[in-house]
Amino acid sequence: MRSCSDVHNFLVEADVDHEIVHLPALSTTARRAADLLGVGLQEIVKSLLFVTDTGPLVCLVTGDAQVDVERVCAEAASVHCALAPPADVLALTGYRPGAMPPCALKNDVPVLADEAVFNERVVYCGGGTTTTMLKIRSADLRRLVEPRVAAIAARPPQ
């Protein structure tokens, strides 16, 4: 299984400025991570693995949003798409659900990102474990993962 060391080493090799932030407690949700970091939910980036007819797909959305599955299906040109089961997340990425970073995955998986992921100058993503977060400039994240960008987020009414 991969860890925050794999994320750090990948980013060092890619010459990307970043910080692995060690949290004082588990952060299995975006809300919990934001609270532990003292940041807004819009600064948290969730990395979620979906399975589609056309193959696996990593979807990135901000912590204040949910993935709109119908939009993901449309973007993936797929009839069926669903959140990957935990065993598939571990097998395909090397990370547990809730800890998966947007990069340094065991296998190359295409990335689909909501446009709001890049609104904040700095964002916090899964860091490889449930007690670490990756702090990275959103511009560096975009350059690193080379996502297809589309409106895939659904935000609950405020």
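Any chance you could check the Cα centroid distance between region 102-158 and region 1-68 for me, in angstrom? For region 102-158 versus region 1-68, the Cα centre distance is 7 Å. Given their separation in residues at 0.36 nm each and the Cα-Cα distance between them, Val149 and Ala74 gain 25.7 nm when the chain is fully extended.
Assuming 0.36 nm per residue, please report the length gained on full extension of the stretch Ser5 to Ala139 beyond their Cα-Cα distance.
Full-extension gain reported as 46.0 nm.
A quarter of the convex hull surface defined by the alpha-carbon atoms of the chain gives 8.5 nm² as the mean projection. Nearest 0.05, what FRET efficiency do Asp88 and Arg121 give at R0 = 35 Å with Cβ-Cβ as r? Working from the Cβ atoms, E equals 0.60.
Read-outs throughout are calculated quantities, based only on the coordinates presented, and are distinct from any laboratory measurement. Note that the structure is predicted; figures quoted are calculated from it, not measured. Positions of Cβ are backbone-derived with ideal geometry, glycine not excepted, and every protein chain shown enters the neighbour counts.
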